[in-house]
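S.K.: One structure coming up, written as C-alpha cells, with questions to follow.
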Amino acid sequence: MDRIVSLAKRRGFIFQSSEIYGGLNGFWDYGPLGVALKRNLKECWWQDMVAGHDELATLSGAPSPYEMTGLNCTIIMHPQVWKCSGHFDLFHDWMVDCHESKKRYRYDHLQGRWASHRDKKVFVTTDVSGDDALSDLVGKAQKFFKLRAKQIDEIVWEGELVPLAGATPAEAIPRAEALGPDATEPGTLTEPREFNLMFETRIGALAGDADDRAFLRPETAQGIFVNFKNVLDTSRVRVPFGIGQIGKSFRNEITPRNFTFRSREFEQMEIEFFCRPDDSRSWYQFWRDRRWRWYLDLGLTEGRLQLREHEAAELAHYSRGTADIEYAFPFLADGEYGELEGIAHRGDFDLRSHMEGKLVRRDGELVLETGPDGKPRHRGSGRDLSYFDDVSRERYVPHVIEPSAGADRAVLAFLCDAYREDSVPDEKGNPRERTVLKLHPRLAPLKAAILPLVKKDGMPEVAIDLYRNLKKRMPCMYDEKGSVGRRYARQDEAGTPWCLTIDGQTMTDNTVTLRDRDSLSQERVPIAECVDLLTERLQ
Ligand code: GAP
C-alpha cells in the first residue's frame with residue numbers, strides 16, 4: 001500500500017488536500033493523471049449504465065427492457081429532505097474521546113487484548129486495523145509496562161483480539177480498565193456518544209437560529225427521489241426505469257483512513273431504479289449481477305473481488321436485501337474486504353417517506369413515526385409520488401433498487417489492482433525492474449505516447465504529426481526527452497497502454513513500432529493506420 005500511495009503522489013495521481021498547510025485529514029485532490037483516471041472511470045460508468053444503455057434490448061438477466069436517464073441535483077437541499085430520509089435522526093456513528101490525548105475514535109474501530117505483567121493488568125487498545133493491529137498492541141503494552149525490547153516476552157496476553165465494544169453491550173470492556181490507543185494510563189476513554197455524520201452549514205446572511213441549519217448531502221440518492229415526479233412528468237420514461245447521478249457527497253467521518261477509502265468529501269455514482277413491486281426481486285438480482293460484471297469487465301481481478309449478501313440482522317430497517325461488492329484492498333488483513341458498492345432493495349421506503357414523512361418499522365410494517373403529541377415526527381412533502389401504469393391500469397408506489405458506488409473507492413481499487421512490479425529487458429536485453437500500472441485502456445489517463453527515437457533526422461517532425469492526428473481522437477502525449485527505455489518506463493508507471501516509436505525504419509518505410517505495455521510485444525504498423533488501429537483497440 002505504501003508503494004501505491006507513493007506512486008500516486010510521485011506521478012501526480014492523488015495529493016493530500018491543502019498539503020502546503022500541512023494537509024486536511026480526509027480530503028484528497030486529484031492531480032493531472034488522477035483527474036484523468038477518475039474522469040475516465042465516471043465516464044465509463046455513465047456510458048455503460050446511462051447514456052449508452054439500449055432501452056430496446058432485453059439485457060441478459062433482466063426481466064424486461066428498461067429505460068435509463070440522468071440527473072444532476074444540488075449538494076445543499078431542503079433540510080426536510082434529510083429529516084424524512086432518516087439521515088437527520090439516524091445517520092450517526094458512535095465515537096469515544098480520550099481525556100488525556102484529546103483524540104477521538106470511532107467506537108467500532110477500537111479493539112484490544114488483555115495484557116498483564118507482574119501485578120499489573122490492563123486492556124490495551126488500538127485503532128489500527130488489519131495485520132498490524134497485533135504488533136501495534138505489543139508496542140503499546142511494552143510502553144505501558146515500561147519494558148525494554150528484550151522483555152516483551154514477559155507480557156502475558158489473555159484471549160483473542162476483541163472489540164472494545166464487546167460482541168454484545170454486556171460484554172463491553174469496562175472503560176476504567178481500558179488503555180486508550182494514545183494514552184499512558186487506563187481510564188481516559190469516555191463512554192460512547194452519537195455523532196451525526198452530516199456536515200452542517202447555514203443558508204443566508206442572517207444565519208443564527210437552529211432552524212436555518214442546512215446540510216451538505218451525505219448521498220446523492222435523495223436528490224433523485226425528490227425529483228422522481230419531475231422526471232416522470234417531463235420525460236417519456238415509464239416504469240421500469242432508472243435515474244443515474246454522479247456527484248459529490250460529504251460525511252464528517254470520525255476517523256477518515258486508508259488513503260482515499262474513507263474520505264470526508266467523495267464522489268458517488270448512484271442509480272435509483274424504479275420498478276413494479278412484483279418484479280422487484282428479479283430486478284435486484286439483475287442489478288447485483290450487472291454491477292458485479294462491470295468491475296470485472298474493466299479489469300478488476302476476480303479473485304480479489306467478493307459479492308456479499310447481507311445477513312438479515314445487517315439490513316437497514318427498510319431494506320429487503322442488500323449485497324456489497326467488495327475488494328481485497330492491500331491495507332486490509334488477509335481475508336478482509338472493503339466495500340466498493342452496495343446494491344440495495346429499498347422497497348417503497350424512499351418515495352413513501354417523501355410523501356408521508358419519516359417512517360419507522362413497527363410489527364414488520366413501515367409506518368409514519370409520530371412524536372409524543374401524536375403528530376408526525378417529520379412531515380413529508382404531501383405530494384403524490386405514486387405511479388399510474390397505463391398498460392396494467394394499476395396505481396402503485398414503485399419499489400426501488402439502488403446500485404450505489406463510490407468513484408474514489410473504485411479509483412483506489414483500480415489503482416491497487418493495476419499496480420505491478422516486474423522485470424523487463426532494456427534496450428540491451430538486460431533485465432530492468434519496472435513499476436507498471438496495468439489499467440484497462442478505457443481507464444488509462446493517457447492512451448498512447450509518441451516517441452521519436454532521437455531528436456534529429458526528421459523523426460520529431462513525423463512524430464509530432466502523428467501526435468496531432470491521434471490527439472484528435474484520444475488523450476496522448478509527445479515525449480522526446482531521455483533514452484527510449486526511460487520514456488517507456490515513465491509511460492508504464494502512468495499506465496499508458498501503448499507507445500508509438502518513430503525510428504530510422506519509419507523514415508524509409510513509413511511504419512512505426514507499436515509497443516504494448518502488458519505483453520511488451522512490438523509490432524510494426526504503417527503510420528497511416530495508427531490512429532484507426534488504436535481507436536479500434538480502445539473500443
Ligand atoms: N445511497 C446509499 C449510500 O449512500 P453507502 O453504502 O453509504 O450507501 C455508497 O455509500 C458508496 O459510497 C460506498 O459503497 C462507497 O463506495 C462510497 N462511500 C461511502 N462513504 C464513503 C467515504 N467516507 N469515502 C469514500 N467513499 C465512500
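S.K.: Could you check, for the stretch 421-435, whether at least one of its residues is open to solvent by 60 Å² or more (accessible area, probe 1.4 Å), polar (S, T, N, Q) and part of a loop (DSSP other than H, G, I, E, B)?
M.R.: yes
S.K.: In the stretch 88-109, which residue that is more than 19 Å from R262 (Cα to Cα) and out of contact with any helix residue (DSSP H, G or I) (no Cβ under 8 Å at 6 or more places or on another chain) is surrounded by the fewest Cβ atoms within 10 Å (Cβ to Cβ)?
M.R.: First, the residues of the stretch 88-109 that are more than 19 Å from R262 (Cα to Cα): 88-90, 97-102.
Remaining after also requiring out of contact with any helix residue (DSSP H, G or I) (no Cβ under 8 Å at 6 or more places or on another chain): 90, 97-102.
Numbers: L90: 13, D97: 17, C98: 17, H99: 12, E100: 14, S101: 15, K102: 9.
Checking each candidate, the answer is K102.
S.K.: When the stretch 390-403 is examined, which residues are found to be of a type outside the set (A, V, I, L, M) and open to solvent by 20 Å² or more (accessible area, probe 1.4 Å)?
M.R.: Step one: of the stretch 390-403, the residues of a type outside the set (A, V, I, L, M) are 390, 392-396, 398-399, 402-403.
If the condition is that a residue be of a type outside the set (A, V, I, L, M) and open to solvent by 20 Å² or more (accessible area, probe 1.4 Å), then D390, S392, R393, E394, R395, Y396 are the ones that fit.
S.K.: Right, something else. Name the strands (runs of 3 or more DSSP E) wholly within the stretch 134-250 that hold at least 2 residues that are aromatic (F, W, Y) and over 19 Å from K121 (Cβ atoms)? Break it down into steps so the answer makes sense when it comes.
M.R.: Working: elements: 156-163, 193-196, 200-202, 213-215, 241-250.
Where strands (runs of 3 or more DSSP E) fall fully within the stretch 134-250 and carry at least 2 residues being aromatic (F, W, Y) and over 19 Å from K121 (Cβ atoms), they are 241-250.
S.K.: Sort out which residues of the stretch 33-87 are among the basic types (K, R) and farther than 30 Å from E194 by Cβ, and write them in order of number. First the steps, then the outcome.
M.R.: Of all residues in the stretch 33-87, those among the basic types (K, R) come to 38-39, 42, 83.
Scanning the stretch 33-87 gives K38, R39, K42.
S.K.: Is there a residue being surrounded by fewer than 20 Cβ atoms within 10 Å (Cβ to Cβ), within 16 Å of the ligand (Cβ to nearest atom) and either modelled with pLDDT of 95 or more or at negative phi (or both) anywhere in the stretch 224-245?
M.R.: Among the residues of the stretch 224-245, at least one is surrounded by fewer than 20 Cβ atoms within 10 Å (Cβ to Cβ), within 16 Å of the ligand (Cβ to nearest atom) and either modelled with pLDDT of 95 or more or at negative phi (or both), which makes the answer yes.
S.K.: Moving on. Output the residue which, of all residues in the stretch 155-172 that are surrounded by 15 or more Cβ atoms within 10 Å (Cβ to Cβ) and among the hydrophobic types (A, V, I, L, M, F, W, C), is farthest from the chain's Cα centre (by Cα).
M.R.: So in the stretch 155-172, the residues surrounded by 15 or more Cβ atoms within 10 Å (Cβ to Cβ) come out as 155, 157, 162-165, 172.
Subset that is among the hydrophobic types (A, V, I, L, M, F, W, C): 155, 157, 162, 164-165, 172.
Details: I155: 40, W157: 37, V162: 28, L164: 27, A165: 27, A172: 31 Å.
So the residue we want is I155.
S.K.: Another question about this same structure. Quick one: in the stretch 272-309, of everything that is among the charged types (D, E, K, R) and in contact with a helix residue (DSSP H, G or I) (Cβ under 7 Å, 6 or more places away or on another chain), which residue is nearest to G61 (Cα to Cα)?
M.R.: First, the residues of the stretch 272-309 that are among the charged types (D, E, K, R): 272, 276, 278-279, 281, 288-291, 293, 297, 302, 304, 308-309.
Filter once more, so that each one left must be in contact with a helix residue (DSSP H, G or I) (Cβ under 7 Å, 6 or more places away or on another chain): 272, 302, 304.
On the way: E272: 18, E302: 20, R304: 24 Å.
Top of the filtered list is E272.
S.K.: Out of I152, I75, report the one residue that is without any contact (Cβ under 8 Å) to a residue 40 or more places away in the chain and surrounded by 14 or more Cβ atoms within 10 Å (Cβ to Cβ). Steps first, please.
M.R.: Working: I75 fails: without any contact (Cβ under 8 Å) to a residue 40 or more places away in the chain.
Of the residues listed, the single one that is without any contact (Cβ under 8 Å) to a residue 40 or more places away in the chain and surrounded by 14 or more Cβ atoms within 10 Å (Cβ to Cβ) is I152.
S.K.: Kindly check whether there is at least one residue in the stretch 405-412 that is open to solvent by less than 50 Å² (accessible area, probe 1.4 Å), touching a helix residue (DSSP H, G or I) at 6+ places or on another chain (Cβ under 6 Å), more than 20 Å from D233 (Cα to Cα) and not aliphatic (A, V, I, L, M).
M.R.: No, the conditions are met nowhere in the stretch 405-412.
S.K.: Taking D389 as the residue in question, decide whether it is within 30 Å of L538 (Cα to Cα) and of a type in the set (D, E).
M.R.: Details: within 30 Å of L538 (Cα to Cα): no; of a type in the set (D, E): yes.
When the stated conditions are applied, D389 does not pass them.
S.K.: Then there is this: Tell me, please, whether a residue that is within 11 Å of the ligand (Cβ to nearest atom), under 17 Å from the mean Cα position of the chain (by Cα) and within 19 Å of R288 (Cβ to Cβ) can be found in the stretch 347-362.
M.R.: Pass one, the stretch 347-362, residues within 11 Å of the ligand (Cβ to nearest atom): 350.
Going one step further and asking which of them are under 17 Å from the mean Cα position of the chain (by Cα), we end up with none.
Checked against the condition, which is being within 11 Å of the ligand (Cβ to nearest atom), under 17 Å from the mean Cα position of the chain (by Cα) and within 19 Å of R288 (Cβ to Cβ), the stretch 347-362 yields no hits at all.
S.K.: Could you tell me which of the residues V81, V35 is at negative phi, open to solvent by 20 Å² or more (accessible area, probe 1.4 Å) and either touching a residue at least 40 places away in the same chain (Cβ under 8 Å) or part of a helix (DSSP H, G or I) (or both)?
M.R.: Details: V81 fails: open to solvent by 20 Å² or more (accessible area, probe 1.4 Å).
From the options V81, V35, the qualifying one is V35.
S.K.: Against the condition in contact with a strand residue (DSSP E or B) (Cβ under 9 Å, 6 or more places away or on another chain), under 25 Å from R383 (Cβ atoms) and within 10 Å of the ligand (Cβ to nearest atom), how does S249 come out, does it pass?
M.R.: On the way: in contact with a strand residue (DSSP E or B) (Cβ under 9 Å, 6 or more places away or on another chain): yes; under 25 Å from R383 (Cβ atoms): yes; within 10 Å of the ligand (Cβ to nearest atom): yes.
So S249 fits the description; yes.
S.K.: Go through the stretch 2-32 and give me each residue that's surrounded by 15 or more Cβ atoms within 10 Å (Cβ to Cβ), away from the ligand (no atom under 15 Å from the Cβ) and among the aliphatic types (A, V, I, L, M).
M.R.: I4, V5, L7, A8
S.K.: Starting from residues that are in a helix (DSSP H, G or I) and farther than 20 Å from A494 by Cα, keep the ones in the stretch 464-481 and report whichever is least open to solvent (accessible area, probe 1.4 Å).
M.R.: Step one: of the stretch 464-481, the residues in a helix (DSSP H, G or I) are 464-471.
Restricting the remaining residues to those that are farther than 20 Å from A494 by Cα gives 464-466, 468-469.
Working: I464: 53, D465: 94, L466: 9, R468: 154, N469: 69 Å².
If we take residues in the stretch 464-481 being in a helix (DSSP H, G or I) and farther than 20 Å from A494 by Cα, then L466 is least open to solvent (accessible area, probe 1.4 Å).
S.K.: Could you tell me which residue of the stretch 246-257 is modelled with the highest pLDDT, considering only residues that are crowded, with 19+ Cβ neighbours inside 10 Å and of a type in the set (V, I, T)?
M.R.: So the residue we want is I246.
S.K.: For the stretch 453-462, state whether one or more residues are of a type in the set (G, A, S), in contact with a strand residue (DSSP E or B) (Cβ under 7 Å, 6 or more places away or on another chain) and at pLDDT below 95.
M.R.: In the first step, residues of the stretch 453-462 are kept if they are of a type in the set (G, A, S); the result is 458.
From what is left, the residues that are in contact with a strand residue (DSSP E or B) (Cβ under 7 Å, 6 or more places away or on another chain) are none.
Checked against the condition, which is being of a type in the set (G, A, S), in contact with a strand residue (DSSP E or B) (Cβ under 7 Å, 6 or more places away or on another chain) and at pLDDT below 95, the stretch 453-462 yields no hits at all.
The values are calculated or read from the model by the stated rules, or taken from the named source; none is laboratory data. Since this is a predicted model, take the numbers as computed values, not measurements. Because the Cβ atoms are built from the backbone with ideal geometry, glycine has one as well, and the counts that use them run over all protein chains shown. Remember, those area values only see protein heavy atoms, side chains included, never the ligands or the DNA or RNA. Shrake-Rupley method; radii C 1.70, N 1.55, O 1.52, S 1.80 Å.
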